[in-house]
Amino acid sequence: MAAATPQVERAAKGAKNSAALAFLRAPKQLLINGKWQPAKSGKTFETINPANEEVLALIAEGDKADVDEAVKAARKAFEEGAWPKMSPHQRARLMFKIADTIDQHADELAELETLDNGKPLTFSRNFDIPAVAETFRYYAGWVTKIYGETNPSDPSFFNYTLREPVGVCGQIIPWNFPLLMAAWKLGPALACGNTCILKPAEQTPLTALRLGELLMEAGLPPGVVNIITGFGPGAGSAIAEHPDIDKVAFTGSTEVGKIILKASAGNLKKVSLELGGKAPNIIFPDADLDQAVPTAMMGVYFNSGQVCCAGTRIFVQRDRYDEIVEKLANFSKNVKVGDPFEQGNLLGPVVSREQFDRVKGYLSIGAEEGAKAAAGGAPVEGKGYFIQPTLFADVNNNMKIAREEIFGPVGAAIAFKDENDVVFQGNDTTYGLSAGIWTKDVGRAHKMARALKAGTVWINCFNQIDPIAPFGGYKQSGFGRELGKYAIDLYTQVKSVWMKLS
Ligand code: ADP
């Protein structure tokens, strides 16, 4: 589609970093075999600044033909290239260098992330980008610690295991933490010696493309990381279906996760899926409410609620419900939403017009279902995809707003009777990514942690995420665990070697 030339100054209002602005003005192409090239179709698409709805840049629209070429490059780099055969010390050094390069470019990357995604600069600069560097650094440390085992075989044999890379990995990522999700995928894959085809989300391709440039500058061999921008049904499905991709890792909606799982059956790819959530965050009356109230509400509003592990179902014990919900609502009313470049704003816009309409739809559904907007309840007037931080009260767990993932700054306060009731209600969901518990009673906290069906349980905290700890879902929140040593399992396969000794 022919598109107007982006007006960078206008679209990138608020950005100050000269390198970020220079990057915006340069062409955005696909990274294949260490070279930047346009999509074979010549097509491009627009990436929009959700804070002002202006076009930031035109992006190459890769599709099957481009994915095919990227897979050839990744296959060659895997079978014949230096990367999988490189000494672990050398590979680790290169990954440490990548982490340092990200730190050196943190201001620029943070501004690009804020422009493309809409998240406040405070968060992109102090959370996302440092976490990206830390993820590469953490997995750089793993490169020299990926061990096989010797096994207690019959003495006339020797049996040992080798942990080998899986091969060519397709990695399809979402738009909520664009560069961090790239790091969660690339960090462990590269540490284990795999080669990759990364597909950023069409809404937020900028930082992945800049990362591609930085990877090349850091000296990553050609073909080890290929970056194909484009849409889900084009580039994404070509990756999921490709007969020469060995593994696909996906983060995104449960709906698309199911499509990817089906598509991967053709050549039985190894699959890991990190999908949606509708986490219970349970506030017992004995909790430290001064901590529980702001942390629980920011567990809904952080990143404008576009977080798969967001604690969107806040459970409050019935006999203190009104009092605690009032505190939650008062906190919500004081959360500032607005220009993501302005200090003090905790919420920016949601990522796109589509997401804005979707969240607005849920605001209407909540009202129709009889829930009461104790805070917010409407979009913010004017340009940009801003939505008021919203807390619905008088919600019951069967309402749509309590069952479906909204992916916006919308929480639901639900009453519970006692421990048994809240375990039942908390687990009464198709999802199981995370859960939160607020109590001073240590025994109760641990009992609840066992009873809740979720891949992560936070006690007296929320959204604590670090590459040291595994992250992933129970039930329809997916399978496989990213981060920690568990991601090494995702990106290696085990070979058992037998030798006869006599
Ligand atoms: P959301 O619905 O929150 O936008 P998606 O799950 O649709 O999230 O998107 C996450 C990622 O999956 C994006 O990179 C998107 O392009 C990709 N994607 C969407 N549809 C498909 C598909 N049919 N096959 C492969 N990838 C897809």
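Of G223, G170, G230, all but one fail to be buried (at least 24 other Cβ atoms within 10 Å of the Cβ), within 16 Å of the ligand (Cβ to nearest atom) and on the phi > 0 side of the Ramachandran plot; the exception is G230.
Counting only residues that are assigned to a helix (DSSP H, G or I) and surrounded by 20 or more Cβ atoms within 10 Å (Cβ to Cβ), which one in the stretch 104-115 is nearest to the chain's Cα centre (by Cα)? Filtering first and then ranking leaves E113. All of K43, K64 fail the test of being surrounded by 14 or more Cβ atoms within 10 Å (Cβ to Cβ), under 30 Å from G167 (Cβ atoms), under 25 Å from the mean Cα position of the chain (by Cα) and not aliphatic (A, V, I, L, M), apart from K64.
The rows are residues; the columns are (1) within 26 Å of the chain's Cα centre (by Cα); (2) closer than 20 Å to A287 by Cβ; (3) touching a residue at least 60 places away in the same chain (Cβ under 8 Å); (4) surrounded by fewer than 24 Cβ atoms within 10 Å (Cβ to Cβ).
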site	(1), (2), (3), (4)
P349	yes, no, yes, no
S352	yes, no, yes, yes
V359	yes, no, no, yes
Q388	yes, no, no, yes
S434	yes, yes, yes, no
I437	yes, yes, yes, no
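Is there a residue being within 16 Å of the ligand (Cβ to nearest atom), out of contact with any His (no Cβ under 6 Å at 6 or more places or on another chain) and not assigned by TED's automatic domain parsing to the domain that holds F177 anywhere in the stretch 312-328? Yes, the stretch 312-328 has at least one match.
You will find that of I146, I197, the residue that is within 14 Å of the ligand (Cβ to nearest atom), at pLDDT 95 or above and aliphatic (A, V, I, L, M) is I197 and no other. The sole residue among A263, A238, A249 that is within 12 Å of the ligand (Cβ to nearest atom) and surrounded by fewer than 24 Cβ atoms within 10 Å (Cβ to Cβ) is A263.
Does at least one position in the stretch 290-300 carry a residue that is more than 26 Å from G348 (Cβ to Cβ) and small (G, A, S)? Scanning the stretch 290-300 turns up no residue that is more than 26 Å from G348 (Cβ to Cβ) and small (G, A, S). Among all residues of the stretch 152-164, there is none that is out of contact with any Phe, Trp or Tyr (no Cβ under 7 Å at 6 or more places or on another chain), of a type in the set (S, T, Y) and closer than 15 Å to Y486 by Cα. Could you tell me whether any residue of the stretch 266-280 is away from the ligand (no atom under 15 Å from the Cβ) and either within 23 Å of R444 (Cβ to Cβ) or not assigned by TED's automatic domain parsing to the domain that holds G170 (or both)? Yes.
The values are calculated or read from the model by the stated rules, or taken from the named source; none is laboratory data. The shown structure was predicted, so the numbers you read here are calculated from the model rather than taken from an experiment. Don't worry about glycine lacking a Cβ; one is built from the backbone with ideal geometry, like all the others, and counts go over all protein chains shown.
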